[in-house]
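Quick one: the structure is below, questions incoming.
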2 protein chains.
Amino acid sequence: MGTLSVFLDVPLAPSTDIPLDAYKADPSSLKVCLGHADTDEVWIPPVVKRILLQIPEDPTLNHEYLPELGILEFTTAAMKLVIGKESRALLDNRVMALTYTKLHPKYSDLLFSITTKEDKNTQIFFLFSENLGCIFQVAGFTDIRTYRYWNPERLTVDTVSFLMELQSAPKGSIVFLHAPEEISLTPKQWKQVSTVMAERHLFPFFDVPAQGLASGNLDRDAWAVRHFVDRGFEILCAQSFSRIFGLYDERIGNLIVVTKNNQTLIKILSQLAKQISVTWLGPTSLGARVISMVLTSPALLYEWKQSLKALVKRIMLVREKLKEKLRILGTPGSWEHLTAQSGVYSFIGLLPSQVEFLAKEKHIYLLSNGQINICSINAKNLDYVAQSIHEAIMSTSHQDQSVTVRIYSSPTHVSKSESFY
Amino acid sequence: MGTLSVFLDVPLAPSTDIPLDAYKADPSSLKVCLGHADTDEVWIPPVVKRILLQIPEDPTLNHEYLPELGILEFTTAAMKLVIGKESRALLDNRVMALTYTKLHPKYSDLLFSITTKEDKNTQIFFLFSENLGCIFQVAGFTDIRTYRYWNPERLTVDTVSFLMELQSAPKGSIVFLHAPEEISLTPKQWKQVSTVMAERHLFPFFDVPAQGLASGNLDRDAWAVRHFVDRGFEILCAQSFSRIFGLYDERIGNLIVVTKNNQTLIKILSQLAKQISVTWLGPTSLGARVISMVLTSPALLYEWKQSLKALVKRIMLVREKLKEKLRILGTPGSWEHLTAQSGVYSFIGLLPSQVEFLAKEKHIYLLSNGQINICSINAKNLDYVAQSIHEAIMSTSHQDQSVTVRIYSSPTHVSKSESFY
């Protein structure tokens, strides 16, 4: 055997921006990781915990392969949660869902395999999300752009820019829409978006990462998706259950397909089943079983909804307390966005240099784009976190007095030649 | 909104060759599905059942995201099972494993991303396996071929043809090796294979679908992989746990990487971690937890090994009984291959027309290539299955008297232009 490795030219990959490693390595007792909830505090609904105990005791549940598209009971119940039980598309048999391992790169391939644009030159537009860009890049899409959505000065959605981007997008482009995001559009704004998208023949691909966690109301958070379906759009919708069921390690998601008619749907599903049968064969079972048990039992569903509402209430309380602390400290700038936004994750609005200050001087770790997990703030660390944010802002304000308004990690335009890696 | 679907040109995919659907639809009380064990009889080791009950009770196990490469305890224990605890590569820190959802199409992308052959024109050789071909085709490999391995007349491995194929393969080709297959090579034959592969600089990618189920001995079934590692080969090895732990619905597997030196290994793992972080983020947890508990506890490991041995014994007993029944019935041809082969799956050696006869006349369903799951034969259906196979062979022998020897679904050469779909 030769001694030269065939992998000789493989370079070391740059390490990813995950503050958790730095947090773990820090010996300080003051340390806080704002990127992640403390593992002791990971939220899981009590009903989910109970079902996790019951499932292994159930002799009717074996460990055989699942069907390619997943457990029908689960995909149906989950799809109804987003689309709504009374949806016209549902009554017309124009909607179905299939289970995929969450963020599975192949769903982007599937998307492509069922469209007729085989050269993958269709433009795809994203809200700021490096990971999503990568997924479609890995699938072979070459023209991937992010759209302008955020006004960093007014700290609100920049609907005008967003609509202009849509108006200038090539006809037939796929637009990835996040519903609900932390900073959601109003129904009126969504209607403007759908009108432009209909005119430009733009294809909506919805991402529903945590239905219910924005408003505490499942129906309200699904408003945008249902609006597009009601207007007659064909859509794809990637639905995740990690956050709302506290089952991050189950990687469970659904891909919902809504078409113009039932015959088209059957053809698409046959293609998807074929692709799945020759690639990943079928999904895992545990997460799907837990979730379908909750969604199909009125009593368990009620209990889960109550848990969701309680979590949303707790998140809003933390947001309010943090805002109040910063107000009392006299921290420069408006902190209204803390309570104007909702959901678990939040762009707190810190400069990268301020994030660095927090890590170096205060043992507080978060992503360099300033995104934090609200659940990582608790009664024990609230005062320390607020005081530290205050000091971080004061420390940099003398360097650049113009920075009185914090800048979000605003969407950047990624050109064809730029790589997401 | 227009009324035309963007999916207008999507054709209906041909249905896959899965006899289970036909079996389910058949109302006959005589029906048998030889492609699949009856769901009531899916084998699961008692120790696995017990651990599945314990895990939800364990307060130290939460449902957070796992690290990108999986649980280190699991990947290490699983990798040692194949490579061997005393392996030189292990002592030199030249081997590591990462968890992937089994048959995950991305591991083929990963394979490519860590080699330097970026144009994907490297030839890949397979033993007859449509699914594996598809996985690499989906990943973008264009030159995918199957190799000659089987002598349909003598019903044995055709080592001469196999070695000739390897000798004529382009230097640097990737060869997918199945170890152990149902009809394994002897150590002497493996040594010939590794010698040719070293001369031709062929890269071995091992598939270990069910270590222990061929011989009942975990070490014996890993002999080939260890031999290549001992000879100094760099290898990739896809390790599955579905069959040997009875956890088909967990889709749990490991990708083992052995390199020339530790520095290269670190670089490769950094690339893999990066790719995973931007695509599927991390694996699922339950299967990995169950298996690592078994593999790292001497008592549980002993119990699991005993279960494996008992299963292998039962499989051999069924093979012997079926052979004996066919001998008594005077069924034409030699049935020695039934006991010369081992493992759960077996190419029984029937023509497609005989498979069709069994389905139409006898309510017995199996794949058209004649592959059956030995565990689907039991005391209740053995006589009926043997009698039916006998009749199937008699029914076609008058049509073509020359077919006294049954032909396996022998490997066919797939040229560049042919599609696996």
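The values are calculated or read from the model by the stated rules, or taken from the named source; none is laboratory data. If you're wondering where the values come from, they're calculated on a predicted model, not measured in any experiment. Don't worry about glycine lacking a Cβ; one is built from the backbone with ideal geometry, like all the others, and counts go over all protein chains shown. Only protein heavy atoms, including side chains, enter the accessible area calculation; ligands, DNA and RNA are left aside. Shrake-Rupley method; radii C 1.70, N 1.55, O 1.52, S 1.80 Å.
Scan (1) within 22 Å of the chain's Cα centre (by Cα); (2) at pLDDT below 50 for the single condition B:THR404 breaks and write down its number.
Unmet condition: (1).
Which of the residues that make up segment B:327-352 are farther than 30 Å from B:THR186 by Cβ and either of a type in the set (A, V, I, L, M, F, W, C) or surrounded by 15 or more Cβ atoms within 10 Å (Cβ to Cβ) (or both)?
Residues satisfying the conditions are B:ILE328, B:LEU329.
Now for a separate question. If the Cβ limit is 6 Å and pairs must be 6+ apart or interchain, which residue in segment A:65-83 that is within 14 Å of chain B (Cβ to nearest Cβ) pairs with which residue that is open to solvent by less than 40 Å² (accessible area, probe 1.4 Å) and part of a loop (DSSP other than H, G, I, E, B)?
Every condition considered, the pairs that remain are A:TYR65/A:GLY282; A:LEU66/A:GLY282; A:LEU66/A:PRO283; A:LEU66/A:SER285; A:GLU68/A:GLY282; A:GLY70/A:PRO283.
Something else: Conditions first: (1) open to solvent by 40 Å² or more (accessible area, probe 1.4 Å); (2) within 14 Å of chain A (Cβ to nearest Cβ); (3) of a type in the set (Phe, Trp, Tyr). B:TYR302 passes all but one, so which condition is the exception?
(2)
A further question on this structure: Can you pull out every residue in segment A:222-237 that is within 14 Å of chain B (Cβ to nearest Cβ), open to solvent by less than 20 Å² (accessible area, probe 1.4 Å) and not in a helix (DSSP H, G or I)?
Once the filter is applied, which keeps residues that are within 14 Å of chain B (Cβ to nearest Cβ), open to solvent by less than 20 Å² (accessible area, probe 1.4 Å) and not in a helix (DSSP H, G or I), segment A:222-237 yields A:PHE233, A:GLU234, A:ILE235, A:LEU236.
Among the residues in segment B:175-184, are any surrounded by fewer than 19 Cβ atoms within 10 Å (Cβ to Cβ) and not in a helix (DSSP H, G or I)?
no
Now for a separate question. Tell me whether segment B:262-269 contains one or more residues that are facing chain A (nearest Cβ under 8 Å) and under 16 Å from the mean Cα position of the chain (by Cα).
Looking for residues that are facing chain A (nearest Cβ under 8 Å) and under 16 Å from the mean Cα position of the chain (by Cα), one finds none in segment B:262-269, hence no.
Without any contact (Cβ under 8 Å) to a residue 12 or more places away in the chain, assigned to a helix (DSSP H, G or I) and either of a type in the set (D, E, K, R) or on the phi > 0 side of the Ramachandran plot (or both): does that describe B:GLU324?
yes
Search segment B:270-295 for residues that are within 7 Å of chain A (Cβ to nearest Cβ) and pair each with any residue that is of a type in the set (Val, Ile, Thr) and assigned to a loop (DSSP other than H, G, I, E, B) when their beta-carbon atoms are under 7 Å apart and the residues are at least 6 apart or on different chains.
These pairs meet every condition: B:GLN271/A:VAL10; B:GLN271/B:ILE114; B:LYS274/A:THR16; B:SER277/A:THR16; B:THR284/A:THR284.
Further question on the same structure: Which residues, taken from segment B:246-274, are assigned to a loop (DSSP other than H, G, I, E, B) and at pLDDT below 85?
B:ARG251 - this is the single residue of segment B:246-274 that is assigned to a loop (DSSP other than H, G, I, E, B) and at pLDDT below 85.
Counting only residues that are at pLDDT below 70, touching a Phe, Trp or Tyr at 6+ places or on another chain (Cβ under 9 Å) and of a type in the set (A, V, I, L, M, F, W, C), give me the strands (runs of 3 or more DSSP E) lying completely in segment B:52-148 with at least 1 of them.
B:124-126
Within segment B:197-216, how many residues turn out to be open to solvent by 10 Å² or more (accessible area, probe 1.4 Å), within 14 Å of chain A (Cβ to nearest Cβ) and either of a type in the set (S, T, N, Q) or in a helix (DSSP H, G or I) (or both)?
2
Please count how many residues of segment B:353-366 are buried (at least 21 other Cβ atoms within 10 Å of the Cβ) and not in a helix (DSSP H, G or I).
Qualifying residue count for the region: 3.
Where residues in segment A:1-22 are farther than 14 Å from B:SER270 by Cβ, in a loop (DSSP other than H, G, I, E, B) and open to solvent by less than 70 Å² (accessible area, probe 1.4 Å), which of them is modelled with the lowest pLDDT?
The qualifying residue modelled with the lowest pLDDT is A:GLY2.
Moving on to the next point. Condition first: outside any helix (DSSP H, G or I) and out of contact with any strand residue (DSSP E or B) (no Cβ under 7 Å at 6 or more places or on another chain). Now tell me which residues in segment B:370-381 satisfy that.
Answer for segment B:370-381, where residues must be outside any helix (DSSP H, G or I) and out of contact with any strand residue (DSSP E or B) (no Cβ under 7 Å at 6 or more places or on another chain): B:ILE377, B:ASN378, B:ALA379, B:LYS380.
Which of the residues belonging to segment B:248-281 are farther than 21 Å from B:ARG94 by Cα, touching a helix residue (DSSP H, G or I) at 6+ places or on another chain (Cβ under 7 Å) and either open to solvent by 20 Å² or more (accessible area, probe 1.4 Å) or not hydroxyl-bearing (Ser, Thr, Tyr) (or both)?
B:TYR248, B:GLU250, B:ILE252, B:VAL278, B:TRP280
Okay, next question. I'm checking my understanding of the structure. Among residues of segment A:238-247 that are more than 9 Å from chain B (Cβ to nearest Cβ) and touching a helix residue (DSSP H, G or I) at 6+ places or on another chain (Cβ under 8 Å), which one is surrounded by the fewest Cβ atoms within 10 Å (Cβ to Cβ)?
Filtering first and then ranking leaves A:ALA238.
State yes or no: is A:ASP219 part of a helix (DSSP H, G or I), open to solvent by 20 Å² or more (accessible area, probe 1.4 Å) and among the charged types (D, E, K, R)?
yes
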